[in-house]
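The values are calculated or read from the model by the stated rules, or taken from the named source; none is laboratory data. These numbers come from a predicted model, not from an experiment. Positions of Cβ are backbone-derived with ideal geometry, glycine not excepted, and every protein chain shown enters the neighbour counts. The protein model used for the area step is the full one, side chains on, heavy atoms only, and it has no ligands, DNA or RNA in it. Shrake-Rupley method; radii C 1.70, N 1.55, O 1.52, S 1.80 Å.
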Amino acid sequence: MFFQAALEHDELPLRPGVAATVALAKDANLSLGFVTSTERETVEIIAQSVTKATSTPFDVVTWRSDERPRKPDPAVYNVA
């Protein structure tokens, strides 16, 4: 319920450790990816929330696609 309500408002609070992990990746000059087989609409809202909270955009973002098989198939990771 909370997750769906937050999605409807286009903003989600970050889970513990996300901001710190993003900061570590940024400080280490690593590329940042959000790789998932979740629906695109949900992924975009989550990615926007993370970017807004951390001021760090993702270098690559993947989502569920009709052209790619779903997990556990590694296709979504191969695209990234």
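Got a number for carbon plus sulfur as a percent of the chain's accessible area, 1.4 Å probe? Intermediate values should be presented prior to the final figure.
Working: 3100 of 5830 Å².
Solvent-exposed carbon and sulfur of the chain make up 53 percent of the total.
Evaluate the distance, in nm, between pseudo-label points positioned 7 Å from the Cα of ALA53 and of GLU39 along their respective Cα→Cβ axes.
About 2.2 nm, to one decimal.
For the chain, what is the accessible area per residue in Å² when the probe is 1.4 Å? The partial results should precede the final answer.
Numbers: 5830 Å² over 80 residues.
Per-residue accessible area for the chain comes out at 73 Å².
Taking loop as defined by DSSP and a crowding limit of 14 other beta carbons within 10 Å, which trypsin sites (Lys or Arg not before Pro) in the stretch 9-80 fit?
Working: sites: LYS26, ARG40, LYS52, ARG64, ARG70; in loops: ARG64, ARG70.
Those satisfying the criteria are ARG70.
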